[in-house]
2 protein chains.
Amino acid sequence: MTSKPTAGPVEATRSPAATLKTLAGGAVTFEGGLWARRQAVNRAAALPHGLRMLETAGNLDNLRIAAGRATGRFRGRVFMDSDVYKWLEAAAFEMARVPSAELSKSCDTLIELVAAAQGDDGYLNSYYTVAEPGRRWTDLTHGHELYCLGHMIQAALAFRRGTGDGRLLAIATRFVDYVHSVFGPGRRLTTDGHAEIEMALVELYRETGERRHLDLASFLLDQRGCNRIGPNRHDSLAAFQDRVPVREATGVEGHAVRALYLTTGAADVYLETGDAALLQTLTRQWDDMVEGKLYLTGGVGARHLAESFGHPYELPSDLAYSETCGAIASLMWSWRMLLATGHARYADLIERTLYNAILAGVSLSGERYFYVNPLASNGEVEHLHRGGPLRKPWHLVACCPPNVMRLLASLGHYVATRDGSGLQVHQYAAGRLQTSGIRLTIETAYPWEGRVRITVDETSATPWTLALRVPGWCTGAGVRVNGSPAADTVAPGYLRLDRAWARGDVVELDLPLEAHCVEAHPWVESTRGCVAVERGPLVYCLEQVDHPGGRLADLEIDTGAPLTSAWDADRLGGVAVVRAQGREVDTSSWQHRLYRPIGAAPAAARRPVQLTAVPYYAWANREPGAMRVWIPRAEDRA
Amino acid sequence: MTSKPTAGPVEATRSPAATLKTLAGGAVTFEGGLWARRQAVNRAAALPHGLRMLETAGNLDNLRIAAGRATGRFRGRVFMDSDVYKWLEAAAFEMARVPSAELSKSCDTLIELVAAAQGDDGYLNSYYTVAEPGRRWTDLTHGHELYCLGHMIQAALAFRRGTGDGRLLAIATRFVDYVHSVFGPGRRLTTDGHAEIEMALVELYRETGERRHLDLASFLLDQRGCNRIGPNRHDSLAAFQDRVPVREATGVEGHAVRALYLTTGAADVYLETGDAALLQTLTRQWDDMVEGKLYLTGGVGARHLAESFGHPYELPSDLAYSETCGAIASLMWSWRMLLATGHARYADLIERTLYNAILAGVSLSGERYFYVNPLASNGEVEHLHRGGPLRKPWHLVACCPPNVMRLLASLGHYVATRDGSGLQVHQYAAGRLQTSGIRLTIETAYPWEGRVRITVDETSATPWTLALRVPGWCTGAGVRVNGSPAADTVAPGYLRLDRAWARGDVVELDLPLEAHCVEAHPWVESTRGCVAVERGPLVYCLEQVDHPGGRLADLEIDTGAPLTSAWDADRLGGVAVVRAQGREVDTSSWQHRLYRPIGAAPAAARRPVQLTAVPYYAWANREPGAMRVWIPRAEDRA
């Protein structure tokens, strides 16, 4: 076992430019709430399922062939190894959380297999070993070799930090040593088409203290925008974030996952170097994303084509791409921005993204996954792209499932931080928090109820500040310490409770969860005349299955009538549903016509309807059918 | 010169299942109106430009290399030859219209080059000859070999019919003879991934009377839906129209140009065979297209991804793909449906598609082309796909420019037909019509004015029926013969004037062109709360350049106020502009926010604005800027 304190996926306890510091790996545990349940499903169902899929899809066979233990042809896409590493990373986090003989055995087998597939010079990539021997580094644009290495490093660090197992790290380090001989000043002046290696190298630097890893990460960042990655076509340069140098970017563009893995890596470099130009650029890019390229769910990457960001306000609902991995990348980026700045808006976006865009990516069972997360569906099966209302057991490009697995397994990492003044709680979930002589018990039914009760079980004697995030969506929050109001006004941002804490102190934070309607900027075409329902951190949607007897596309909401909420233990594993007044519009006068002169037949309400909205994350867990987040407003046509 | 009467692109004078018969090639000529001008630009600017582009892009070099006259590598995509054939087809139609020594010389050179590139066995394809020798027919899915042959046949027939030049037809026939030895019952049971060969083979049958060409076309149709084309993945089968057999299709799906080239070929087979199941299927598919998958402009193929049809009502405005070739394919298909049935709705759609989706594909100069025809643009240059507000001189995939050229050069073909009762005029344009002892002069300023004056210059002595299409958009039409009203009511459809015509008779058709607003079916997400302006056959749009001082995205239209029209000789080569009352909405309260609770700040009108709409086809001919067809209704937010 390691003698160092364990750490989560990001170990920013000594990062010079980090305003907030990360906690140790096991500092936060979930107990009894939504996230505890999702972690349990992730462990009991998703991880075993994932391992079966890696076997079925050929990922493990590819490594066996590369290791000379099997024969056959390489199967799948060029980045198949990365799915193995992400699964291993998830398993490592799980074992760190709660030991598991079964997981341990599976990991032993996989790590041993990975070791056997490594070349004498340290190179390790089953695709180039099996399918294109002799052609390594010949297609940096699409080859994903450094991308796969990045995931290997992250998995290796999860083992090293979580279980003390350094075997995978030894393998990764050999590969990294080789990569240092290939890339860098005076060597190859290029980088991988798909960012990922940057954040991994910074993390390796954090673990080892070896500056060369940080320098290589910086070097690889700087290769972008020099027309060294994409083919010599303007459009592809944008797709690969190779159109302008990293510090000249004014927004997010191109392939969304690539774009945000890159900004995440750049933020990591900032945390270690304090390069102000990087933070300026990243802030500008983050603003660009949230001001025009973000779905209400936190999803990003509007376009199916090139899996990319669109123009500002280009946010179609039914055609949303909003890849699950894009949302995870957004969370990873915002986490580093939060560490860098301490600004609540980053934690706000993490919450929005986590509860909606990310959580929708996996079924309640843990064994079905969305790649694409639209905000509306007509319920029909999709023949031509990855969308539609059916989660799949796995995907030809299976980046998303193990990405969800590793995130859920390490979710405690993203809950709280510390700084010189004390402790910051960014996300609320029932569980325990333990760090540096402080132990807290957190009791809450969040996100279903807004009361959060924090009990101080252990504390240092010196006064310190407990900073509690009041979410941006929240109005009318209140707080009591030991039963007495502790602040006059509790506005969004961080509520700072500075006192000499004593064991047994109780903080009660009250975050009113009134269901309410939101609207989108008028320049968003897809949401014109529509509203969406939110309650607390959750975005809601209508599903056809809850509205029998009518067609979902004909329903409108009366935003003048009050919304009501009710806990429904039997629906979708237990959710708060939101009910609204609405009506069904009579579209029969259209009679198969698609266009007609205005005034030909005024729209008429056929009948009043009670609308039942469920959390967006839970959609498509019952019979397949239509779904919509944005609901037409009845009064616009009254 | 041929001794047969010349024919247009479709020679359906003897087709057994044709309700309406096509006229001879030169039967209709345009004089002095919009189409005469566009034909003149097509001839003077587009064709020479196209020839230069074929040289620059490598199409001609590819043939030279295939012919052993040059060395080098194949350039461009696999279907480069087809662009040469489409250009040749356009040139042939132009020479048939008005002889040209210059075009003749260019065509001589090109036909001689094509001849030299032909193999001893008749095979002719520069890609497989140069880039993949020995691999012909190994990738029917993507290889486009029969697709290119189809275009060669069509060009060959245009020469044979238009100028009497049979050289290209001899080349094509040799290739077709070889293809007969490769495909068919007992031989290869498959077909080309991209339909086109079917309509060409039927046309070859019409020209030669050789039944085997029709049989091969039928055979190739029947290969679809047998999982013989696309890779064994469900989504690709849909893209290639290989998911269900041709007669089991319930709608249009997959790649739009492929889909509609296929339905066009199927319609051709129907016209020759009278196979009722085919017509039933085609009618169902056509209905599916116009009831849910058709843009107001007549454009089809909503999705950038796979250039495909989307689900019903999936018609985004800014993200519309609406490829120019798709619109041309739609016109070709509807023309054959019109010949088959005589139903005015097919001619209605031809008109809508021609004046809007197709005409927008080419600049007023004739030298710039859109591949993608969105119904809205924020005016920004597009880095990631083919959209955006800038037409290009040519495209990497340059199917559209020569497709527009050949259509414009042969446009007279689509104006009128005849049957046992007489003559049908489907489209209105200033010019002359001459067929079977009948000569008419047509005077009109259509589409700018709705008065059409038809003078009988020559007629047979026996009575016959002049059928005039009253467009579906038209209300209040009237007609006079020699000054006297000739019908009580003139409803959309065909107005039939049955009489013993005499030289000097004058028919005056009055089609009121009132500008008016139309709305789309409520299930279309992108148009909610919006209207579009139409006037006669023209769809209008707003362009930023006509609305200085405000942002186009902030403009709304007051549909309660009257629309006015005015001829503007100086704008865009002379257009009727439509003016409307509107207002600019103040979106400043959003302050960079993308979402907010409703009621946070009510939308306020900043100032009244007079809106100036111009024909959609003419957009993007001035400074690049925002454009929109669908305009938010002011009263919805009042």
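Across peptide A:371-380, the mean count of Cβ atoms from other chains lying within 10 Å of each residue's own Cβ comes to 1.
Residue by residue through A:483-490, how many Cβ atoms from other chains fall within 10 Å of the Cβ on average? It would help to have the intermediate numbers written out before the result.
On the way: counts 0, 0, 0, 0, 0, 0, 0, 0.
The mean count of partner-chain Cβ atoms within 10 Å per residue comes to 0.
Take B:A115, push a point 7 Å out from Cα through the beta-carbon direction, and compare it with the same point in every other copy: 7.4 nm, smallest first.
A simple charge model with +1 on the Cβ of Lys and Arg, -1 on the Cβ of Asp and Glu and nothing else charged puts the dipole of the protein assembly as shown at about 820 debye relative to its Cα centre.
Beta bridges assigned by DSSP with both partners in chain A are antiparallel in approximately 95 percent of cases. If R0 is 41 Å, what FRET efficiency do you get for B:R453 and B:E112 from their C-beta distance, rounded to 0.05? Between B:R453 and B:E112 the formula returns 0.30. Mean separation of Cα pairs under 8 Å and 6 or more residues apart, divided by the residue count, gives chain B a relative contact order of 13 percent. Which of rounded, prolate or oblate describes chain B when judged by the alpha-carbon gyration tensor and an a/c cut-off of 1.5? Oblate, because a/c is 1.5 or more while a/b does not exceed b/c.
Overall, the ratio between the Cα radius of gyration of region B:177-299 and 2.2 N^0.38 Å, rounded to two decimals, is 1.04. Arranged from fewest to most other beta-carbon atoms within 10 Å of their beta carbon, A:V182, A:V252, B:V415 become A:V182, B:V415, A:V252.
Put a plus charge on the Cβ of each Lys and Arg, a minus charge on the Cβ of each Asp and Glu, and nothing anywhere else: the dipole of region B:334-450 about its Cα centre is then about 320 debye.
First measure r as the distance between the Cβ atoms of A:S365 and B:I598, then evaluate 1/(1 + (r/R0)^6) with R0 = 30 Å and state the FRET efficiency to the nearest 0.05.
So the FRET efficiency works out to roughly 0.30.
Sites listed here are trypsin sites (Lys or Arg not before Pro) in region B:466-549 whose DSSP assignment is loop and whose Cβ has at most 16 other Cβ atoms within 10 Å: B:R503. Once C-alpha pairs closer than 8 Å and six or more residues apart are averaged by separation and normalised to the residue number of region B:353-464, the relative contact order reads 14 percent. Peptides A:217-228, B:484-495 ordered by packing proxy, namely the average of other Cβ atoms within 10 Å per residue, highest first: A:217-228, B:484-495. Note on A:R77 and B:R187: the model spin-label points, each 7 Å out from Cα along the C-beta direction, lie 4.0 nm apart.
The slack between B:N227 and B:W137, meaning 0.36 nm per residue of separation minus the straight C-alpha distance, is 30.7 nm.
Classify region A:85-240: rounded, prolate or oblate, from the alpha-carbon gyration tensor (a ≥ b ≥ c, eigenvalue square roots; a/c under 1.5 rounded; otherwise prolate if a/b is larger than b/c)? Since a/c reaches 1.5 and a/b is larger than b/c, the shape of region A:85-240 is classed as prolate.
Classified by the C-alpha gyration tensor, region B:401-521 has an oblate form. Its axis ratio a/c, with a ≥ b ≥ c, is 1.5 or above, and a/b does not exceed b/c. Between copies, A:E55 shows label-point distances of 6.5 nm, shortest first, with the point placed 7 angstrom from Cα along Cα to C-beta. Taking every C-alpha pair closer than 8 Å and separated by at least 6 residues, the mean separation divided by the residue count of region A:278-401 gives a relative contact order of 22 percent. The lysines within cross-link reach of B:K392, meaning a Cα-to-Cα straight distance under 29 Å and a gap of 8 or more places when in the same chain, are A:K293, B:K86, B:K105, B:K293. Distance between the modelled labels on A:W567 and B:L390, one decimal in nanometres: 5.9 nm (7 Å Cα→Cβ projection). For the segment A:300-313, counting C-beta atoms of other chains within 10 Å of every residue's C-beta and taking the mean gives 4. A Förster distance of 45 Å, applied to the separation of the beta-carbon atoms of A:S436 and A:A44, puts the FRET efficiency at 0.90.
A straight Cα-to-Cα reach below 23 Å connects B:K21 with the lysines B:K4, residues fewer than 8 places away in its own chain not being considered.
Ranked for footprinting exposure by Cβ neighbours inside 10 Å, fewest first, B:Y595, B:Y371 give B:Y595, B:Y371.
Each label was represented as a point 7 Å from its Cα along the Cα-to-Cβ direction; for A:D121 and A:R247 these points are 3.3 nm apart.
All of the numbers you see were taken from the coordinates with simple rules; none came from a lab. Remember, it's a predicted structure, so these values are computed and weren't measured experimentally. Cβ coordinates were reconstructed from backbone atoms using ideal geometry, including for glycine residues, and neighbour counts include every protein chain displayed.
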